[in-house]
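Q: The structure is given below, and queries will be raised subsequently.
No lab work stands behind these numbers, since they all come straight from the coordinates. Here the structure is a predicted model, which means the values were calculated and not measured. With ideal geometry, Cβ positions are generated from the backbone for all residues, glycine too; neighbour counts draw on all protein chains shown.
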Amino acid sequence: MVTIFMGGILFTANVTAGVHYLDEWGIYELDLEDGTVTPVFTGPDELTTIRLDPTSELFAVSMKTGGTGYEHTELYTVGIDGADLTRLTDNEYWDLYPSWSPDGEEIGFLSFRDQTLDIWVTDADGENQRLLYDSGGHDADLHWVGDVIAFTRDSQIWVMNSDGTDARRLTDPPRAGEWGETVLPFGDYDPRVSPDGSQIVFERLVDDSTIHGNYDLFLINIGESSETRLTDSGWTQGLVSWSNDGQKLVYTVSAVGLEGRYDLFLIEPDGSGMEDVTSEIFPPGFMANSAIFSMNDSSIYFIGNWWDWKIFDSVLTCSFTSPQIDLGDTVTISGSLGPLVESVFVQVTVTRPDGSDDIHDVVTDEGNYVLDIKPDQHGVWEAQASWEGDSGHSESTSEVTEIIVREETEPEEPESEADGISGFYLEAILLGLIVYYLKQAFS
């Protein structure tokens, strides 16, 4: 059983496999051992980044609120249990890409408050917001580890000290900043600093043969110019994050050629051990990105999005297993809920012949439910099931079903047979007549 906060309302749900269809956007946890996906926080507003604080108690997130434009993206924190959503910024600027300071007291972020996108810092409660770095152009893709802040500038990877000083370029990719046929110019993006602060992993746009762009993963040691190429697939992939022990990387493959994917993959920092961990788990239409490891590396948190979100019409059925029974017998009421919604409460109202009602709460199992009752009155009984729905499914009420409960009757005597076999009834009559005539003859 998990607790889910949606729009300020508390829900509970059992999640055993796949992804529970709750709301358009959400933060989810993927167990790397058994593949279970558990919703942590869901809602209708777009999420773009999640980062876990050093105590593993809070996420910093960027989320659109009150509109669809970039200026509606604000910073929030939310507990790893999905509770205590707290707004940190509230303005008409584009605030995004939060990254915690090593002590958890501050959050670095990007903000479009002037003519360009710049690097800002705020206290963890949203107070004392201040500019940290402005190169004069757009500065993006912020990541803060130890005393190192990595970011993207001019389609290249840069680093600086955590106080905003000593900014220096690390990479110089071919055709950096040159626009092709994709949504970004050629170059390097989304740097992620290793837990020990010695290396940075990033993605590079290497080909624009598809509109999505073909990106590969690279690794570079801070202070050195040599690079290590980790992938050579030409897929659309990136947004890499390190495990806390530095032994694994998780990243998103959002497209293979023209095919949209948005699955999560694992790889080791030397480029070996590539593993697809979600394509057999995620249902069609569900996309994952911005993945990060949990504190003990046993699971992955990520942002999930149902790209074709809609409120599904649900259909609920209800029926008795027999059209009639005798008073005192037990009968089963059963039904199903579709589309499949795991482990929800269905309310079954049973009406007696005298008009009184009993209301039963039953839980579905793989979309089905059963309820046994023992009628205590003869006559016509009725049953009807209802479900209140959730944020992804409409409420539903079944048709009324009926059963006739007969009065208890005395057992019927066996019918006589013409040949006198059944119960020897004819033979008994004949024997009685013989005895009668013998008494008359000797009297």
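Q: Apply the Karplus parameterisation 6.51 cos²θ - 1.76 cosθ + 1.60, with θ equal to phi minus 60°, to every residue of the stretch 314-321 and state each ³J(HN,Hα) to the nearest whole Hz, in sequence, with x for glycine and proline.
A: Running phi through 6.51 cos²θ - 1.76 cosθ + 1.60 with θ = phi - 60° gives 9, 10, 10, 10, 7, 7, 7, 7 Hz.
Q: L170's amide H: which non-local residues (gap 5+, or another chain) put their own amide H closer than 5 Å, with H modeled 1.01 Å from N in plane and none for Pro or chain starts?
A: I157, W158, V159
Q: Which is farthest toward the positive dipole end of the chain among I311, N161, P375, measuring Cα position about the Cα centre, with Cβ charges +1 (Lys, Arg) and -1 (Asp, Glu)?
A: N161
Q: While we're here: Can you list the residues, at least 5 places off or on another chain, whose amide H is less than 5 Å from the amide H of K248, using H built in the peptide plane?
A: It is S243, by chain and number.
Q: Give the aspartates and glutamates reachable from K310 as a straight Cα distance under 20 Å; neighbours fewer than 8 places away on the same chain don't count.
A: Candidates past the 8-residue exclusion: D23, E24, D45, E46, E342, E388, D390, E395.
Q: Still on this model: What translational diffusion coefficient, in µm²/s and rounded to a whole number, does the Stokes-Einstein relation yield for the stretch 2-306 at 20 °C and a viscosity of 1.002 mPa s, taking the hydrodynamic radius as the Kirkwood radius over Cα pairs?
A: 110
Q: A further question on this structure: Counting Lys +1, Arg +1, Asp -1, Glu -1, what net charge surrounds N128 among other residues with beta carbon under 14 Å of its beta carbon?
A: -4
Q: Treating the beta-carbon of each Lys and Arg as +1 and of each Asp and Glu as -1, no other charges, what is the dipole magnitude of the chain about its Cα centre, to the nearest 20 debye?
A: Value, rounded to 20: 700 debye.
Q: Using the crude model of +1 on Lys and Arg Cβ and -1 on Asp and Glu Cβ, and no other charge, please compute the dipole size for the stretch 123-206 relative to its Cα centre, in debye to 20.
A: Dipole about the Cα centre, nearest 20: 300 debye.
Q: For L230, what residues show an amide H to amide H distance below 5 Å, using hydrogens built from the backbone and excluding near sequence neighbours?
A: L217, F218, L219
Q: Between N368 and V183, 0.36 nm times their residue separation minus their Cα-Cα distance comes to what?
A: So the chain would gain 62.0 nm between N368 and V183.
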